[in-house]
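One structure below.
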Amino acid sequence: MFGLEIWQFWAAVAVTLVAGFVKGAVGFAMPMIMLSAFGSIMPATTALAALILPTLLTNLQQAFRQGAGAAVGSAMNFRWHIAMVLVFIWVSAGFAQAIPQPVMYALLGVPIVGFALWQLSGRPLVLPVHHRRRAEIGTGIVGGLYGGISGIWGPPLIVLLLSLGATKQEQVRVQGVVFLLGAVMLTAAHLNSGVLNSTTLPLSAILCAPAFAGMMTGFALQDRLDVVQFRRWTQVALVLTGLNLVRRAFQFWI
């Protein structure tokens, strides 16, 4: 089934459901959870391909939740970051199949663990932003380079938003807009690179269903629960997913 054994497919469905729920509740972390878990049960490039269309769908939902006008406004407000993300996703996507799997896992896992642990320590991860345009360009380049090879370009944006003191609603919406535009570029880039192909494209399409279901449930919690507390538990989940990526890296090297 889509190049996977039956148990692998249903495990991927369950992971996608959970990842969609977390994204709906806090606005991010879906690709991190999916790639970390998928990396344990399928090849890295298959894992990357599988998350692409669910990421595209859920970001479309998130970006336009407050309407098209708000989404367009956010896109214009963060245009420099978005431009760099798009350019460098396209640049780095061609290297996705050439980069050794353990290197990719380590490059992703270590920053994710560091980011989450810093947040859990109670210290805000805020950078001094003296020149907003430079900050947007720098974080956009880093995010795009990671995004093309892994499908994950969110952490630099989250750091930028925290540094700018964005409100909760604006932060979630901006993440949706940036993630959506990046997902469009990622989809196009990997249709070109061959990561999305006749085997992986149907798998990615099927996983849109649990992603949608999970996200709608997460939206309900985002509206009703203490998001600060829920986000703290999400950081715990990020530590675990990041550590799993690091474990996968060392598993290849040992």
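For the reader, a short list of remarks on this structure follows.
- A single member of ALA29, ALA63, ALA12 is under 13 Å from the mean Cα position of the chain (by Cα) and surrounded by 24 or more Cβ atoms within 10 Å (Cβ to Cβ), and it is ALA29.
- Residue that is surrounded by the most Cβ atoms within 10 Å (Cβ to Cβ), among those in the range 88-99 that are among the aliphatic types (A, V, I, L, M) and under 17 Å from the mean Cα position of the chain (by Cα): ILE89
- Enumeration of residues in the range 175-218 that are in contact with a Leu (Cβ under 7 Å, 6 or more places away or on another chain) and over 13 Å from ILE52 (Cα atoms): GLN175, VAL178, PRO210, PHE212, ALA213, GLY214
- Members of the range 5-40 found to be outside any helix (DSSP H, G or I), touching a residue at least 60 places away in the same chain (Cβ under 8 Å) and over 21 Å from THR187 (Cα atoms), listed by number: SER40
- Any hit, the range 229-246, residues being at pLDDT below 90 and either of a type in the set (Lys, Arg) or closer than 23 Å to GLY67 by Cβ (or both): yes
- Cβ separations smaller than 7 Å between residues 6+ apart or across chains give the following pairs from the range 41-60 residues that are without any contact (Cβ under 8 Å) to a residue 60 or more places away in the chain to residues that are surrounded by fewer than 23 Cβ atoms within 10 Å (Cβ to Cβ) and assigned to a helix (DSSP H, G or I): ILE41/GLN8; ILE41/ALA11; MET42/GLN8.
The values are calculated or read from the model by the stated rules, or taken from the named source; none is laboratory data. Only a predicted model underlies this, so the values are computations on that prediction, with no experimental measurement involved. Every residue, glycine among them, receives a Cβ derived from its backbone with ideal geometry; neighbour counts consider all protein chains shown.
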